[in-house]
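Quick notes on the structure that follows.
Bear in mind these aren't lab numbers, they're just calculated from the coordinates by the rules spelled out. Not measured: the values here are computed from a predicted model. Ideal geometry is used to build each Cβ from the backbone, glycine not excepted, and the neighbour counts take in all protein chains shown.
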Amino acid sequence: MSARDEKPEAEETDAGSQTLMRGVAPITLRDRLLVLAAVPLAPRAAQKRCDMGLFDLESRRQIDLVDELRRLTREAARNPEPSATGE
């Protein structure tokens, strides 16, 4: 019996009956799920920026109040202003 006499395998799908080529395995549900599982996760909705705590870049640009008070104290010690009583 030759290869031409063999009846090709067929697979039933939603689109109808499909003929399979010799040596090609049908795509199973397991194969489809493995492909879906390999896709990287993506958010379902647009993500908001994390603007708080460690990730808040804007707050890093702000002046620290404690450092500002220390700077003002040092400046006042270097440049004493005369008081209203003249002391």
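Residue separation times 0.36 nm, minus the C-alpha to C-alpha distance between residue 68 and residue 10: what's the value?
Working: separation 58, 0.36 × 58 = 20.88 nm, distance 7.99 nm.
Going from the current span to full extension adds 12.9 nm.
Using C-alpha pairs under 8 Å with a sequence gap of at least 6, the mean separation divided by the residue count of the chain gives a relative contact order of 11 percent. Note on the chain: dipole from Cβ charges, positive end direction compared against 20, 43, 33; the farthest Cα belongs to 20.
What's the angle, to the nearest 10 degrees (0 to 90), between helix 65-78's Cα axis and the longest principal axis of the chain? That works out to roughly 30 degrees. Full extension of the chain segment joining residue 22 with residue 56 gains 6.2 nm, where the gain is 0.36 nm per residue of separation less the Cα-Cα distance.
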